[in-house]
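Take a look at the structure set out below.
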Amino acid sequence: MSDTENEQQSMAVAAGQVRSKLTCARRIVVKVGTSTITYENGRFNLTNLEHLCRSIANQMNQGREIILVSSGAIGVGVGKLHLQAKPQTIREKQAVAAVGQCELMSMYSRLISDYNYAVAQVLLTKDDIDDEFTRDNICNTFEALLEKEILPIVNENDTVSTREIYHNGTFGDNDTLSAIVAVLVGADLLVILSDTDGLYDSDPHTHDQARQISAVSTITAAIEEIAGGEGSNRGTGGMRSKIAAARIATAAGLDTIIANGSTPSVIDLILSGEVTGTLFQAQKLE
């Protein structure tokens, strides 16, 4: 067996061990994107939402603590207001986000209540995270909610913050926010649900022979390069922002998985150790 084959076999064994370890994860941050929970017209994708909420409740029934970071406020607002397209000005986007956030939380509340759980809205800005005093308060709030078996649902506060609306990065996307929250609360695992099955060695939309990468031990420049560009018209991210989030989380010692949010019971599969999505292995802390 060549050195390369030996290295690949060792990586596969290590990844398998990490997958098995995920069955013991107790505190998990799950991020879901706009393209997973809505259709192109901004209306809810009820199938995906129902699967998501059922899986979350199922894991909470087993004693796990889940924090959901959900995009979709602007997209849902567009659907609720029957707009033909996403608004272009900041003030209009913030107004639409305010409408959409209400609809988003109402839907999550209705679906989760079917499983006898409650939800709580947590809207954050980068200033909240950067300030030591408010950061401590945020952590205390998360702890109190989790102790009471309440599902915290996190989004960037689009009505007061323009970072996500204006930029496509630097906290200004919920992929990055989910990684920051995961580190902040001391999560065991970050799961980023996307509209693809994970990371591929080339763009699967344009390359028929693209192969999914099941595990990444270290995020290198080459991995970042194959991540490509931005995501869908409804979201602010893409695979590049998900890789950036995985870099933040893995550097802090958290395993991260990017998987397809349209796969039924995908969270259950991941937490049962199934090979689902792309696993980014946590880096050993000094």
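The values are calculated or read from the model by the stated rules, or taken from the named source; none is laboratory data. Keep in mind that what you see is a predicted model, and the values were worked out from it rather than measured. Please note: Cβ atoms are built from the backbone with ideal geometry, for glycine as well, and neighbour counts cover all protein chains shown.
Looking at (1) surrounded by fewer than 23 Cβ atoms within 10 Å (Cβ to Cβ); (2) more than 17 Å from I270 (Cα to Cα), which is the one condition that is false for R54?
Evaluating R54 over (1) surrounded by fewer than 23 Cβ atoms within 10 Å (Cβ to Cβ); (2) more than 17 Å from I270 (Cα to Cα) leaves (2) as the failure.
Does the stretch 138-147 contain at least one residue that is within 15 Å of I66 (Cα to Cα) and not in a helix (DSSP H, G or I)?
Looking through the stretch 138-147, none of the residues is within 15 Å of I66 (Cα to Cα) and not in a helix (DSSP H, G or I).
Looking at the stretch 25-37, which of its residues are modelled with pLDDT of 95 or more and either over 16 Å from T263 (Cβ atoms) or touching a Lys or Arg at 6+ places or on another chain (Cβ under 6 Å) (or both)?
Within the stretch 25-37, A25, R26, R27, I28, V29 qualify.
So which residues in the stretch 164-210 are farther than 21 Å from I37 by Cα, of a type in the set (V, I, T) and modelled with pLDDT of 85 or more, if there are any at all?
I180, V183, V185
Only one of these conditions is not met by Q283: (1) within 14 Å of S217 (Cα to Cα); (2) more than 14 Å from the chain's Cα centre (by Cα); (3) part of a helix (DSSP H, G or I). Which number is it?
Failing condition for Q283: (3).
Among (1) surrounded by 14 or more Cβ atoms within 10 Å (Cβ to Cβ); (2) of a type in the set (G, A, S); (3) closer than 30 Å to R135 by Cα, which single condition is G186 missing?
(1)
Would you check which residues across the stretch 259-276 are of a type in the set (D, E) and buried (at least 17 other Cβ atoms within 10 Å of the Cβ) and list them?
The one that is of a type in the set (D, E) and buried (at least 17 other Cβ atoms within 10 Å of the Cβ): D268.
Look at I267 and say whether it is aliphatic (A, V, I, L, M), more than 17 Å from R27 (Cβ to Cβ) and assigned to a helix (DSSP H, G or I).
Details: aliphatic (A, V, I, L, M): yes; more than 17 Å from R27 (Cβ to Cβ): no; assigned to a helix (DSSP H, G or I): yes.
So I267 does not fit the description; no.
Scanning the stretch 88-132 for residues that are of a type in the set (S, T, Y) and at pLDDT below 95, which turns out surrounded by the fewest Cβ atoms within 10 Å (Cβ to Cβ)?
T89
In the stretch 25-43, what residues are surrounded by fewer than 20 Cβ atoms within 10 Å (Cβ to Cβ) and either acidic (D, E) or farther than 18 Å from E143 by Cα (or both)?
Within the stretch 25-43, Y39, E40, N41, R43 qualify.
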